[in-house]
Amino acid sequence: MGKQAISKVCVTGGAGYLGSWLVKKLLEKGYTVHATLRNLEDKEKVGLLKSLPGADTKLVLFKADMYNPNEFKQAIQGCEFVFHVATPQQTGSDSTQSSQEIVEAAISAVRSIAEFCIQSQSVKRLIYTASVMASSPLTKDGFNIQSCVNESYWTPINVTLTHGLEFMRAYTISKTLAEKEALSYNDNPDGKLEVVTLPCGLVGGETLLSFVPLSVEVMFSQLIGKLPTFKGLELLEELLGSIPILHIEDVCDAHIFCMEKPSIRGRFICAAANPTIREIATYFRQNYPQFQITEEFMGEEKKGIACDSSKLVKMGFEYKHDMKKILDDSVICGRRLGAIFLN
Ligand SMILES: NC(=O)c1ccc[n+]([C@@H]2O[C@H](COP(=O)([O-])OP(=O)(O)OC[C@H]3O[C@@H](n4cnc5c(N)ncnc54)[C@H](OP(=O)(O)O)[C@@H]3O)[C@@H](O)[C@H]2O)c1
């Protein structure tokens, strides 16, 4: 399909870590992008997006908040593809929301966005940025798994998790229920709207933002000995038996790959490598010996469980970046932005 045929696309959460990188790539490819953010008065976020090459003629910004999902309607109208990247959060300025509120906001925003896609009569496909945290084979009796995690697994909502912080567990539930809601639109009787969900591993690498994104900080949390973000790694390993990871370039390329396919729908896990916490720590110890990673941050010695990302690969997608590149680029990002001090 040529660019003339798919000229206008919408990216919700266009000023976030993944969103801004995706908007940059889409503009580079010549698409017209409708990007949403919550505050059009935010000079830093608006300035970043407007400074992207091609933004002066091909980027239109819309204000839209998931707590008022009608606001997405205008941004979606006239687009052929919608990337739903935004997710409600409980960190920073959003900390006033309860876990229940963020879960409900995530689900109802997906529902509204899917409905607007259908009503628009222009949207062919909705691509939802999901998380592998929604595909855990964990049950209350432990792992219920044949050999590796694949698209058939869904994190049970009532499973007891011992790791992570409260907001991370709420995030896990919100991503699970929102992804199910998105996929349910593939069962619509008219079936015109195609829905793709991409449960993505932990994303690392560089950023366009002026600060280190949370997932990148989680990626190098062992190096800087930061317990709150390290808890994110522990929760991932508890849910999945390893840390599925991928590079920011690959995650955005996977989204665009799913857009450019003539027809595709369903759930596709995105992960380029599946190291355990201990394997990441060992890599850091060997390659960044200036750092002292204490035993507390080393993780357990165990055989990891792989996340099977072959379904997307069988469709023709190729990962360009391996574990080394993901971890090294995350460290470069942390150093550049002053979050990692190397002696
Ligand atoms: N990074 C990862 O490792 C990773 C892994 C798997 C899946 N994902 C998924 O990828 C997506 C982007 O994550 P990210 O890492 O790029 O996080 P991020 O930088 O924190 O971006 C989150 C985005 O969500 C938007 N948002 C938050 N609350 C909102 C609300 N109430 N209404 C509308 N928009 C709201 C933010 O918009 P504003 O700019 O307006 O604040 C921001 O653009 C999320 O869906 C996340 O679940 C990320």
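The values are calculated or read from the model by the stated rules, or taken from the named source; none is laboratory data. Computed from a predicted structure; not experimentally measured. Cβ: placed from backbone, ideal geometry, glycine included. Neighbour counts: every protein chain shown. Only protein heavy atoms, including side chains, enter the accessible area calculation; ligands, DNA and RNA are left aside. Shrake-Rupley method; radii C 1.70, N 1.55, O 1.52, S 1.80 Å.
Summary of computed values
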{"item": "Single residue of region 117-154 satisfying the filter (in a loop (DSSP other than H, G, I, E, B) and of a type in the set (D, E, K, R)) that is nearest to Glu71 (Cα to Cα)", "result": "Lys124"}
{"item": "Residues (out of contact with any helix residue (DSSP H, G or I) (no Cβ under 7 Å at 6 or more places or on another chain) and either more than 9 Å from the ligand (Cβ to nearest atom) or open to solvent by less than 20 Å² (accessible area, probe 1.4 Å) (or both)) located in region 32-62", "result": "Glu41, Lys43, Glu44, Val46, Gly47, Lys50, Ser51, Asp56, Thr57, Val60"}
{"item": "Filter result (surrounded by fewer than 20 Cβ atoms within 10 Å (Cβ to Cβ) and under 30 Å from Gly191 (Cβ atoms)) within region 121-164", "result": "Gln121, Ser122, Lys124, Asn150, Glu151, Ser152, Trp154, Pro156, Ile157"}
{"item": "Inter-residue pairs, beta-carbon under 9 Å, first within 10 Å of Gly164 (Cβ to Cβ) and in region 222-240, second of a type in the set (Phe, Trp, Tyr) and open to solvent by less than 40 Å² (accessible area, probe 1.4 Å), 6+ apart", "result": "Leu233/Phe297"}
{"item": "Flag if Glu194 is at pLDDT 95 or above and open to solvent by 10 Å² or more (accessible area, probe 1.4 Å)", "result": "yes"}
{"item": "Residue match in region 75-92 (condition: out of contact with any strand residue (DSSP E or B) (no Cβ under 8 Å at 6 or more places or on another chain), of a type outside the set (Gly, Ala, Ser) and away from the ligand (no atom under 14 Å from the Cβ))", "result": "yes"}
{"item": "When residues of region 66-93 are limited to those that are open to solvent by 40 Å² or more (accessible area, probe 1.4 Å) and not in a helix (DSSP H, G or I), the one nearest to Glu179 (Cα to Cα)", "result": "Gln89"}
{"item": "Which listed residue is within 10 Å of the ligand (Cβ to nearest atom) and open to solvent by 10 Å² or more (accessible area, probe 1.4 Å), from Leu208, Leu202", "result": "Leu202"}
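Table: residues versus (1) open to solvent by less than 10 Å² (accessible area, probe 1.4 Å); (2) over 30 Å from Phe341 (Cβ atoms).
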position: Pro262; (1), (2): no, yes
position: Phe284; (1), (2): yes, no
position: Glu300; (1), (2): no, no
position: Lys314; (1), (2): no, yes
